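*Asks:* Submitted below is the structure of interest, expressed as C-alpha cells.
The values are calculated or read from the model by the stated rules, or taken from the named source; none is laboratory data. Just so we're clear, the structure is a prediction, and the values are computed from it rather than from any experiment. Note that each Cβ is placed from the backbone with ideal geometry, even for glycine, and that neighbours are counted across all protein chains shown. In case anyone asks, the SASA skips ligands and DNA or RNA and just uses the protein heavy atoms, side chains included. Shrake-Rupley method; radii C 1.70, N 1.55, O 1.52, S 1.80 Å.
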Amino acid sequence: IHPYRGSLDDGAFINQLREVAKRVKRPVWITEMGWGTHVPHNSIETGFVVTTERQQAGLLARAYVDAMVSEAVSNISWYDFRNDGNDPMNFEHNMGIVKRDFRIKPAYRALVTTTAQLKGLKFEQALDLAEGVMAYRFTGGDRSQAVTVVWSTDQDRSVEYPDNESVILTDLMGATHLIK
C-alpha cells in the first residue's frame, strides 16, 4: 500500500494498517511512504503539505513506530532515499532523506536512530503517560531492558515515566542523556 497523508493521526494510521491486513489476511507491505520538504511558494499551489526537514524526521520515526505497533506491517519503504532534484519549491524533488548531493537530512538520522533502538524488538504495550502523548513499549530480542518510544502529537509536554530504574533518553537525532 501507499498510505500517503497530509498529516499523521497515529491512532487512526495504526487502525487503518490493522484493517488492511485483516482484509487481505496477511501482513501489509508499505512500499511508499513519505513527506516532502519543499519550500512553499506564494503563487504555486502544489496541493502537498509543506513539511520542514525536522518535521519530516519526526514523521518518518512515527510512521515506522506506528507500523511496528500495528503488528500488521512486515515491510515499510520510505519514498525517497535521495532527493530527485535541486528545485527547493518542487515537491517531488524533496522527498528524500538525503539531499541530491547526498548530504544527509534530519530524517536520515531519525531513521538510523529508530532502527538502531528498535532492532529485534516487538511491540509489547501502549502506555498512557499524558493526553496528547503517544508512548509504546518494545521488548524482546537479546536486550534485557525494554525500549519505550514517546512523543507528543501537538506541542511540547512534560511526562513522568513510571519506572524507578535509570532512564537513558535517546533523542530523534541519536544523542543520549541519562535522566535518572
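*Asks:* Before anything else, pin down the relative contact order of the chain: Cα pairs under 8 Å, at least 6 apart, normalised by residue count, whole percent.
*Replies:* Across the chain, relative contact order equals 17 percent.
*Asks:* Run through segment 76-156 and list the GluC sites (Glu not before Pro) located in a DSSP loop whose Cβ has at most 16 other Cβ atoms within 10 Å.
*Replies:* Glu131
*Asks:* A further question on this structure: Under a no-solvent Debye model with one identical scatterer per Cα of segment 3-89, what's log10 I(q)/I(0) at q = 0.12, 0.18, 0.22 Å⁻¹?
*Replies:* Normalising to I(0) and taking log10 leaves -0.41, -0.80, -1.06.
*Asks:* Put a dot 7 Å past each Cα toward the Cβ at Tyr161 and Thr176; how far apart are the dots in nm?
*Replies:* The two pseudo-label positions are separated by 1.2 nm.
*Asks:* Would you mind giving the three semi-axes, in whole Å and largest first, of the ellipsoid equivalent to the chain according to its Cα gyration tensor?
*Replies:* The equivalent ellipsoid of the chain has semi-axes of 28, 20, 16 Å.
*Asks:* Kindly express, to the nearest 10 degrees and within the range 0 to 90, the angle between helix 106-118's C-alpha long axis and the longest C-alpha principal axis of the chain.
*Replies:* Helix 106-118 and the main axis of the chain meet at about 30 degrees.
*Asks:* At 1.4 Å probe size, with every protein chain present, just tell me what the per residue accessible area of segment 31-180 comes to in Å².
*Replies:* Spelled out: the 1.4 Å probe surface of segment 31-180, per residue, equals 58 Å².
*Asks:* Out of every Cα pair in segment 65-165, what percent are spaced more than 17 Å from each other?
*Replies:* 64
*Asks:* So, one more: Quick one: angle between helix 53-70 and the longest Cα principal axis of the chain, in degrees between 0 and 90, rounded to 10, please.
*Replies:* 50
*Asks:* DSSP beta bridges in the chain, what fraction antiparallel, as a percent rounded to 5?
*Replies:* 75
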